[in-house]
Amino acid sequence: TMSKMSIVGSLHGPIEIFISNEQRKNMEKYMADLMKSFGITCCCENGSKIDDIINSATKIKFPHALHLNLDKCREIGLVLSRCKMLQELCLNGNRGCLGEEMLVALFLAEGPYNFPLKSLDLGNNQFGTRELTTILPFLKSWEALNSLSVEGNCINNRGAQLLAEVLDTVRIRRLSLNRNQISKEGLSCILSSQNARYLTSLMISNNGDIGSAEIDEIARFLRH
């Protein structure tokens, strides 16, 4: 079973950290220390030991509508690089584009990362294919990754080809591409990838010339 705690700091919203119940006794102390490592002002002022919470965190969810800059991304990246058990990471809806340097700072800080990531949500961050190329090695490195969301970005058909490369390496089961710039050509790349047969959910509405006929094609594909 897991415990959850949220702290509101200078990022204008709660950051939720899910940890094992064995850590619950000292959760407030650990959370305050972790928030300090993100440069967030907290009401708690306890100790400086953060390794326990970082090592045991299985889910990290950042508040929607953050306004991250490069320095903040570097801080977050360094914390992520110390995680050992992280399975879910949600960074959805940054206020402003997550550029190449910011994504490198977030995901390649001290790579390769050493946690069994299963779910990654990078939706609504206004990045495009160029930025996706930057983190392609990161995405390909997670054999356990089964859920990926990059919806609400600016990914085009070339980006769809890159995601197909990820599917050639990783058996992703849930893929969300809603509200990008992908056409029928990009969809074909996705469905032709080596591990596309493992997909159980593919969301790709509000994209280019993809209409009801393509949605029906996806439904038939997923049934098989």
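Rolling a 1.4 Å probe across the protein heavy atoms gives the stretch 83-224 an accessible surface of 45 Å² per residue. Specify whether the C-alpha gyration tensor of the stretch 93-211 places it in the rounded, prolate or oblate class, a ≥ b ≥ c being the square roots of the eigenvalues: rounded for a/c under 1.5, otherwise prolate if a/b is larger than b/c and oblate if not. It comes out oblate by the Cα gyration axes.
Among the GluC sites (Glu not before Pro) in the stretch 134-215, those placed in a DSSP loop whose Cβ has at most 13 other Cβ atoms within 10 Å are Glu143. Distance from the C-alpha centroid of the stretch 128-167 to that of the stretch 173-224: 14 Å, rounded to the whole angstrom.
The values are calculated or read from the model by the stated rules, or taken from the named source; none is laboratory data. Owing to the predicted nature of the structure, the values given are computational and were not obtained by experimental measurement. Neighbour counts run over all protein chains shown; Cβ positions are idealised from the backbone, glycine included. The protein model used for the area step is the full one, side chains on, heavy atoms only, and it has no ligands, DNA or RNA in it. Shrake-Rupley method; radii C 1.70, N 1.55, O 1.52, S 1.80 Å.
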